[in-house]
Amino acid sequence: MLQLPDSPPRMKTLVSVDESYKLCRHLTAKYAKTFYLGTLLMSPVKRQSIWSIYAWCRRTDELVDGPASAITTPETLDLWEQQLESIFAGRPLENYDVALVDTLQRFPMDIQPFRDMIAGQRMDLYRSRYETFEDLYLYCYRVAGTVGLMSTSVMGVDNTIYAAPWQQNKQPYVPIEEAIALGIANQLTNILRDVGEDAKRGRIYIPLEDLAKFNYTEQDFFKGVVDDRWRALMRFQIDRARQFYTTSDQGITCLASDARWPVWAASMLYGQILEAIERNDYDVFSQRAFVPQWKKLRTLPIAWMRSQVL
């Protein structure tokens, strides 16, 4: 029989841009219900761009926290960073990345926040404790503050406040610090909501210096002890998160007009998770704090009013 030479490997055929955005939308809707609700208030172009960013961030996080995390190594993240470079070069390698390439063409971004997020995942490979809040802050910036930077590129800023002739050469204010603060506020909220899940993985994200401050031990943590010490510790953590929300709120008025409502909504909805923790008497070991759908819907008109007057 005639032996044919081996065929050269074929390039993977990827989905269309529209199909890729649909994949990103489904991923966002499945894993980030509160966040997804906020994106529905955006213009079609901006919302789908945010979905593409979320999809990349989610898949990055899954490398360390997902089903296959047990086989993730530093080399895995090295390859992921190389794939990121291909995306920024306009050469997507996976179906989800097709949408992100399109987003980058519409809304040019710096690659550094994406690199920083991967660096945050590297921290999760070898750290399961954070001694001080300064240590935790770096982690929160990398895995969440960076999302604020990515998203601001899509949201845009308000140029109309510089419409007067004597202001036309003035550059609009870009709320970078505020965008980072919102990402950090969200991550601190995640940490407090997910205490029980992280405990099962042997992780403590609450700074150890804070546990010591309230005389609460690691042994207490892994036993799920909810007492006056724990409640005081949680009140302290919640107050800290709310301070970051307050800082972030100050930058929303600087965003483009069509971005203010969804950002207000997302901030308010996420902040309500902290209220849910309080209603559960700070038991985050056996109960998962969530915001009911009716309350989410009731928040939207309030967020719209804020977007108009603040």
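Observations on the structure shown:
- Most to least accessible of 210, 283, 78 (protein chains only, probe 1.4 Å): 78, 283, 210
- GNM result for the chain, Cα springs below 10 Å: residue of 111, 206, 252 fluctuating most strongly: 111
- Remark: spin-label model distance residue 123-residue 286 equals 3.2 nm, labels positioned 7 Å along the Cα→Cβ axis.
- Taking all protein chains into account, the per residue accessible area for the chain stands at 51 Å² (1.4 Å probe).
- Once both labels are positioned 7 Å from their Cα atoms along Cα-to-Cβ, the gap between residue 177 and residue 26 label points is 4.3 nm.
- Solvent-accessible area assigned to carbon and sulfur over the chain amounts to 55 percent, based on a 1.4 Å probe.
- Computed helical MRE - 222 nm, the chain, DSSP H runs ≥ 4 contributing -39500 (n - 2.57), nearest 500: -21000 deg cm²/dmol
- Taking amide H as placed 1.01 Å from N in the peptide plane, residue 255 has its amide H under 5 Å from the amide H of 158, each at least 5 places away in sequence or on another chain.
- Region 185-205 and region 92-161 have Cα centres separated by 19 Å.
- Given the choices [x] 30, 55, 13, 2, 0; [y] 33, 58, 10, 0; [z] 36, 58, 6, P(r) over Cα pairs in 20 Å bins from 0, in percent derived from the coordinates of this structure is entry [x].
- A straight chain from residue 133 to residue 209 at 0.36 nm per residue would run longer than the Cα-Cα distance by 26.6 nm.
- Hits among aspartates and glutamates - C-alpha to C-alpha of residue 12 under 17 Å, sequence gap 8 or more where chains match: 94, 97
- Cα gyration tensor shape for region 120-276, rounded if a/c is under 1.5, else prolate or oblate: prolate
- Global geometry of region 42-199, whether rounded, prolate or oblate, following the gyration tensor of its Cα atoms and the 1.5 cut on a/c: oblate
- Relative packing of peptides 295-308, 231-244 - highest average C-beta neighbours within 10 Å first: 231-244, 295-308
- For residue 295, a cut-off of 16 angstrom between C-alpha atoms picks up these aspartates and glutamates, skipping any fewer than 8 places away in its own chain: 275, 278.
The values are calculated or read from the model by the stated rules, or taken from the named source; none is laboratory data. The shown structure was predicted, so the numbers you read here are calculated from the model rather than taken from an experiment. When we count neighbours, we look across all protein chains shown, and the Cβ atoms used for this are built from the backbone with ideal geometry, even at glycine. Just so you know, the surface numbers come from the protein's heavy atoms only, side chains and all, with ligands and any DNA or RNA stripped out. Shrake-Rupley method; radii C 1.70, N 1.55, O 1.52, S 1.80 Å.
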